[in-house]
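Values quoted throughout were computed directly from the atomic coordinates according to the rules given, and no laboratory measurement underlies them. Here the structure is a predicted model, which is why all the values come from computation and not from measurement. With ideal geometry, Cβ positions are generated from the backbone for all residues, glycine too; neighbour counts draw on all protein chains shown.
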Amino acid sequence: MIENRRGFDLFCHAVLIVGAVLVLFPVYVGFCAATMSAQEVFRVPMSLIPSTHLFENIATIWSRGSGATTTPFGILLMNSLVMALVISIGKIAVSILSAYAIVYFRFPFRDTAFWLIFVTLMLPVEVRIFPTVQVVSTLHLTNSYAGLTLPLIASATATFLFRQFFMTLPDELMEAARIDGAGPLRFFWDVVLPLSRTSIAALFVITFIYGWSQYLWPILVATDGAMSNAVVGIKSMIASGDAATEWHLVMAATMLTMLPPLVVVLAMQRWFVRGLVDTEK
């Protein structure tokens with residue numbers, strides 16, 4: 001049994017190593033391209049040894065962009081950061097309050113309200129996106145942070161996860177709060193919210209990456225290039241037709257775009273894992 005277990009562990013580690021190589025090798029190639037000049041990146045075969053032009057390429061796109069994107073890439077990164085933070089905080093705030101009301105308040109059609117929220121998960125994005133664009137256009141929210149973020153704040157998934165977590169909390173907590181004279185808001189702020197920290201952290205990581213990587217929605221809502229985000233900016237850097245793409249600048253922009261989500265995941269990794277475990281209990 002021990003030998004079989006050891007063989008299984010070796011197999012699992014081999015699979016993980018192969019998977020890591022398959023995932024990280026394209027990233028490494030992109031990093032090498034980001035460090036090269038225009039002449040070096042088009043050399044065949046391209047060298048897999050990093051060059052010395054990384055900061056020069058970053059300075060170029062930071063100040064003037066590349067290709068069809070004349071907006072400085074620093075502005076696009078700032079737009080992405082605003083989108084990611086507003087969407088993350090908004091989703092968590094709306095979802096945790098909705099779940100709290102569904103679990104701890106007794107009102108008519110409470111379960112119906114939850115299932116109506118949950119049913120929205122069955123609607124594909126393509127079904128909802130054009131009516132949402134029409135609403136944003138009617139309210140004159142195009143080319144604004146409100147138009148980029150507000151329609152993406154509602155989240156049935158986060159509401160469901162918070163509801164499942166709240167249902168695991170013992171009823172004795174609410175009874176003790178009532179005996180101490182705590183109202184619903186105080187019970188939420190002093191008891192429920194501190195106990196939800198790990199779940200909030202896990203959802204923050206997920207929603208931050210979701211908001212940061214938005215592509216289709218900014219294309220439809222932000223017709224002004226200065227209001228686009230980094231992902232759309234990278235796509236705009238890729239030339240069409242016979243024009244040449246400055247791949248060293250595209251890869252430099254890609255490396256910059258990957259950094260904030262990576263920092264968030266690494267900084268909140270422990271909380272993220274604990275939040276997922278607590279949610280499944």
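Using the Cα centre of the chain as the reference point, and only Cβ charges (+1 on K/R, -1 on D/E), how large is the resulting charge dipole? Debye, rounded to the nearest 20.
Details: 16 positive and 16 negative charges, 52 e Å.
It works out to roughly 240 debye.
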Using all Cα-Cα distances in the range 1-147, what percent lands in each 5 angstrom bin from 0 up to the longest?
2, 7, 7, 9, 11, 10, 10, 11, 12, 10, 6, 3, 2, 0
Estimated FRET transfer efficiency (residue 154, residue 178; beta-carbon r; R0 35 Å; 0.05):
0.65
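Report the calculated FRET efficiency for residue 104 and residue 70 (r = Cβ-Cβ distance, R0 = 51 Å), to the nearest 0.05. It would help to have the intermediate numbers written out before the result.
On the way: r = 52 Å, r/R0 = 1.02.
Calculated transfer efficiency: 0.45.
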Where does helix 54-64 land angle-wise versus the long Cα axis of the chain, in degrees 0 to 90, nearest 10?
80 degrees
Hull volume in cubic angstrom per residue (convex hull over the Cα atoms of the range 38-124):
204 Å³
May I ask for the net charge around residue 96, where only other residues with Cβ less than 12 Å from the Cβ of residue 96 are counted and Lys, Arg are +1 while Asp, Glu are -1?
+3
Hey, what did the chain get for relative contact order, percent, Cα under 8 Å, at least 6 apart?
32 percent
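Would you mind ranking 247, 271 by Cβ crowding within 10 Å, fewest neighbours first? Walk me through the numbers before you get to the answer.
Working: 247 21, 271 17.
The fewest-first ordering by Cβ neighbours comes to 271, 247.
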Could you give the length gained by full extension between residue 122 and residue 25, i.e. 0.36 nm per residue of separation minus their alpha carbon distance, to one decimal place?
31.4 nm
Angstrom value of the Kirkwood radius, inverse mean 1/r, which spans all Cα pairs in the chain:
22.1 Å
By counting other Cβ atoms within 10 Å of each Cβ, how are 78, 251, 227 ranked from fewest to most?
78, 227, 251
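Multiply the residue gap between residue 38 and residue 139 by 0.36 nm, knock off their C-alpha separation, and tell me the result in nm, one decimal place.
Numbers: separation 101, 0.36 × 101 = 36.36 nm, distance 4.45 nm.
My answer for the length gained is 31.9 nm.
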Going by amide H atoms built from the backbone, whose H comes under 5 Å of the H on residue 245, apart from near neighbours?
239
Likely footprinting exposure, 140, 248, 53, fewest C-beta neighbours within 10 Å first:
140, 53, 248
Check which residues have an amide H placed less than 5 Å from residue 213's amide H, if you skip close sequence neighbours.
none
